[in-house]
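> Could you have a look at this structure, given as C-alpha cells, before my questions?
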Amino acid sequence: MDGNGRWAQSRGLPRIKGHEQGSQAVGECVEGCLESGVEFLTLYAFSSENWKRPAAEIQGLMLLLERFLEQKTRQMIDKGIRLRAIGRLDELPAPCRDRLERSIAATAAGSRLTLTLALSYSGRAEIVDAVRAIVREARATPALTEDQITPELIGAHLYTHDLPDPDLLIRTSGELRLSNFLLWQLSYTEIHVTPKFWPDFTRADLADALADYARRHRRFGGV
Ligand code: IPE
Ligand code: MG
C-alpha cells in the first residue's frame, strides 16, 4: 500500500492525512475482493524498515491501525472476513497488539475472505525465523535429517504456512521493487503495477488489476 505520503504531499497535507486516506482505501479494496470472489488478501501495512521513520509518524500509524480495527471488527464478522496478521508482531506497541489479537479472535470463524495484515514484516526476517524454528526442531528431533529440508518444510514454517502463495501482487505508486515483501511466496506471482497512489486506489482499479491478471499465461517455468 504505497504512496500515502506522496498523496498527502501533492495536496500540501501532512503525511498522516495520507495514511488516514489510505486506511479508507483498505475498506474499498476489501469490498472489491468480496465482490470479485477473491478469497485471500494480504496487505503490506508496516514493514520492519518502517521503524526507521520519525516517531510521530509511527505513532500515528499505530493509532490508525487501532482505530481501524475498533471500527471495522464488527463489519468484518458480519461480512465473513477472517483477520490474520504476519510479521514480528511482538514488536508492535502493546495496545496495538492487544487490539489486533482481539480482532483476530473475534473474526476467526470468517470463511469468505482471509484478510492478512503484514505488520512489522520483512520477507528476510520471516525466512530467518523459519530457519531458526527448523533448527530448534532439529535439535529436539534428531531424526530430522538434511534431506528432509524441502520447500514444503520451509513453507510450513513461514508466517504464511496456512495461506496459498499469492497469484497476483499489486504494487501502487509506480514503484518497481518488492521491498522485502513475501520474498519466498512471490516466486511465481504475477505483478501488476499501477501509478496510482494507494489512497486513490478504488475497487475499479482492483477490477483492472484482476482483468490484467486474467490475461496472463502462467507457465510456472514450463512451456
Ligand atoms: C505507504 O505509504 C504506507 C506505509 C508505509 C505505512 P508511504 O508512507 O510509504 O508513502 P510514500 O512512499 O512516502 O509516498
Ligand atoms: Mg513508500
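> Where the second residue is of a type in the set (K, R) and more than 10 Å from ligand 2 (Cβ to nearest atom) and the first is under 18 Å from L119 (Cα atoms) and part of a loop (DSSP other than H, G, I, E, B) and lies in region 1-16, which pairs have Cβ atoms under 9 Å and are six or more apart or on separate chains?
That search, which allows pairs on different chains as well, returns D2/R171; G3/K196.
> I need the helices (runs of 4 or more DSSP H) fully contained in region 90-184, keeping only those with at least 2 residues that are crowded, with 16+ Cβ neighbours inside 10 Å and touching a Leu at 6+ places or on another chain (Cβ under 9 Å).
Qualifying helices (runs of 4 or more DSSP H): 94-106, 123-140.
> Those residues that are within 15 Å of W198 (Cβ to Cβ), within 16 Å of ligand 2 (Cβ to nearest atom) and charged (D, E, K, R), I need them from region 18-72; list them, please.
E20
> Regarding E35, is this residue more than 11 Å from ligand 1 (Cβ to nearest atom) and either within 16 Å of the chain's Cα centre (by Cα) or closer than 28 Å to L163 by Cα (or both)?
Spelling it out, E35 is indeed more than 11 Å from ligand 1 (Cβ to nearest atom) and either within 16 Å of the chain's Cα centre (by Cα) or closer than 28 Å to L163 by Cα (or both).
> A further question on this structure: Those residues that are in a helix (DSSP H, G or I) and either of a type outside the set (D, E) or farther than 23 Å from E35 by Cβ (or both), I need them from region 71-89; list them, please.
Scanning region 71-89 gives Q71, K72, T73, R74, Q75, M76, I77, K79, L89.
> Let me ask another. Select from region 111-141 the residues that are within 25 Å of C96 (Cα to Cα) and of a type in the set (G, A, S) and list them in ascending order.
Once the filter is applied, which keeps residues that are within 25 Å of C96 (Cα to Cα) and of a type in the set (G, A, S), region 111-141 yields S111, A118, S120, S122, G123, A125, A130.
> From (1) closer than 27 Å to A204 by Cβ; (2) of a type outside the set (D, E, K, R); (3) within 16 Å of ligand 1 (Cβ to nearest atom), pick out the condition that doesn't hold for F40.
(3)
> Just give me the residues in region 18-35 being among the hydrophobic types (A, V, I, L, M, F, W, C) and either within 9 Å of F201 (Cα to Cα) or surrounded by 19 or more Cβ atoms within 10 Å (Cβ to Cβ) (or both), in sequence order.
Correct list: A25, V26, C29, V30, C33.
> Same structure, new question: Report, by residue number, each residue of region 23-47 that is in a helix (DSSP H, G or I) and either within 14 Å of L69 (Cα to Cα) or hydrophobic (A, V, I, L, M, F, W, C) (or both).
S23, Q24, A25, V26, G27, C29, V30, C33, L34 - these are the residues of region 23-47 that are in a helix (DSSP H, G or I) and either within 14 Å of L69 (Cα to Cα) or hydrophobic (A, V, I, L, M, F, W, C) (or both).
> What's the number of the only condition in (1) modelled with pLDDT under 95; (2) touching a Lys or Arg at 6+ places or on another chain (Cβ under 8 Å) that T114 fails to meet?
Going through the list (1) modelled with pLDDT under 95; (2) touching a Lys or Arg at 6+ places or on another chain (Cβ under 8 Å), T114 breaks only (1).
> I would also like to ask the following. Regarding region 2-13, can at least one residue be identified that is away from ligand 2 (no atom under 15 Å from the Cβ), surrounded by 17 or more Cβ atoms within 10 Å (Cβ to Cβ) and at pLDDT 95 or above?
no
> Taking the condition farther than 25 Å from V193 by Cβ, of a type in the set (A, V, I, L, M, F, W, C) and without any contact (Cβ under 8 Å) to a residue 24 or more places away in the chain, does I81 pass?
no
> Could you tell me whether any residue of region 48-69 is among the β-branched types (V, I, T) and buried (at least 18 other Cβ atoms within 10 Å of the Cβ)?
no
The values are calculated or read from the model by the stated rules, or taken from the named source; none is laboratory data. Because the structure is a prediction, the values reported are computed rather than measured. When we count neighbours, we look across all protein chains shown, and the Cβ atoms used for this are built from the backbone with ideal geometry, even at glycine.
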